[in-house]
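The next block holds one structure in the form of structure tokens; read it before the comments.
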Amino acid sequence: MSFDRHLSRRSFLSLSAMTAASALTGCASSANTVTSGDTSIIYRSPMRLFRSPGASSVPSGPELAVMYGPVEDGGFLIPAVPYEQIDPRYYRQRVLDPTGQPPGTIVVDTPSRFLYLVQADGMAMRYGVGIGREGFAWQGSGVIQWRQKWPRWKPPNEMVARQPELVKYSIENGGMEPGLTNPLGARALYIFSNGEDTLYRLHGNPDWRSIGKAVSSGCVRLLNQDIIDLYDRVPTKAPIVVWQ
């Protein structure tokens, strides 16, 4: 496929709005927890987030246009993100590491809606995330046991029982095909703890509006452009810590 022959920026943005189909819910978890609406943002150790003179600043407009522009990946054309409509704190950026974890560790700060990838120089890559009710179902430490590009989405039987219209995407029926409207988006990272699947996922997201929010369902959602960036930085067996 070629961008010269296909979608303009305007048509990408239209497609982005059209694919805001996360009412289909998010990742496969059977946990039942209290559903949260949009909540106040809580910051952990905010003084530690101030940048030193050597730290990067919030990305500029030209940088953002590249970071969140349209992407051709795996045969799919990912729409540009209207980043102007997202709170700048949730842009992908390098910050002083506030986690105290070893380099290479992923830290999900659920209350603050941030995901950190700790780096070796006292810094961390920080990504804005959206959280669904399954995102509040697990905390602790684990490893990224498995990574998948353009994963299939298979809602658990408990979810199908609540939403019978999802039966065509059930485990028995092979799940939803990969694509722009798939709730797992462009990538998924699968978290295991003590050798068992936590049913907790880091995954892409077809709806940019959910970043920074607690939404109806799903685990930890990143913009598709951000989950691709994270996927390329994080190997299998990378350690992860989830704070609630």
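Run the accessible area of region 164-241 with a 1.4 Å probe and give the carbon-and-sulfur part as a rounded percent.
About 52 percent, which is the carbon plus sulfur part of the accessible surface.
For a Förster distance of 35 Å, can you work out the FRET efficiency between the beta-carbons of residue 152 and residue 58, rounded to the nearest 0.05?
E between residue 152 and residue 58, to the nearest 0.05, is 0.50.
Rounded, prolate or oblate: which fits region 59-135, taking a ≥ b ≥ c as square roots of the Cα gyration tensor eigenvalues, rounded meaning a/c under 1.5, else prolate when a/b beats b/c?
Taking the square roots of the gyration eigenvalues as a ≥ b ≥ c, region 59-135 is prolate.
When a/c is below 1.5 the answer is rounded, else prolate if a/b is larger than b/c, else oblate, so apply that to region 126-221 with a ≥ b ≥ c taken from the square roots of the Cα gyration tensor eigenvalues.
Note, shape of region 126-221 comes out rounded.
In sequence order, what are the phi-derived ³J(HN,Hα) couplings for region 144-157 according to the Karplus relation 6.51 cos²θ - 1.76 cosθ + 1.60 with θ = phi - 60°, rounded to whole Hz, with x for glycine and proline?
Ordered by residue, 3J(HN,Hα) equals 7, 6, 8, 10, 9, 8, 6, x, 7, 9, 10, x, x, 4 Hz.
Applying the Karplus parametrisation 6.51 cos²θ - 1.76 cosθ + 1.60 with θ = phi - 60° to the phi angles of region 74-79, what ³J(HN,Hα) value in whole Hz is obtained for each residue in order, glycine and proline being reported as x?
Along region 74-79, the couplings run x, x, 10, 9, 7, x Hz.
Around residue 147, what is the net charge, scoring Lys/Arg as +1 and Asp/Glu as -1 over all other residues with Cβ under 12 Å from its Cβ?
Residues near residue 147 contribute +4 overall.
For region 144-244, which GluC sites (Glu not before Pro) are in a loop by DSSP, counting at most 15 other Cβ atoms within 10 Å?
For GluC sites (Glu not before Pro) across region 144-244 that sit outside H, G, I, E and B with at most 15 neighbouring Cβ atoms in 10 Å, the list reads 172.
Using the crude model of +1 on Lys and Arg Cβ and -1 on Asp and Glu Cβ, and no other charge, please compute the dipole size for region 66-166 relative to its Cα centre, in debye to 20.
Here the size comes out at about 160 debye.
Between beta-carbons, use under 11 Å as the cut-off and find the net charge around residue 103, counting Lys and Arg +1, Asp and Glu -1.
Details: positive: none; negative: 97, 121.
Charge balance in the 11 Å sphere: -2.
Which FRET efficiency value, to the nearest 0.05, do you get for residue 168 and residue 243 by plugging their Cβ-Cβ distance into 1/(1 + (r/R0)^6) with R0 = 30 Å?
The formula returns an efficiency of 0.25 here.
Leaving out ligands, DNA and RNA but keeping every protein chain, what accessible area does residue 215 have, in Å² rounded to the nearest 10, with a 1.4 Å probe?
Accessible surface of residue 215 is approximately 30 Å².
The values are calculated or read from the model by the stated rules, or taken from the named source; none is laboratory data. Only a predicted model underlies this, so the values are computations on that prediction, with no experimental measurement involved. Quick reminder, even Gly has a Cβ in these numbers, built from the backbone with ideal geometry, and neighbours come from all protein chains shown. Side chains included, ligands, DNA and RNA excluded: accessible areas come from the protein's heavy atoms. Shrake-Rupley method; radii C 1.70, N 1.55, O 1.52, S 1.80 Å.
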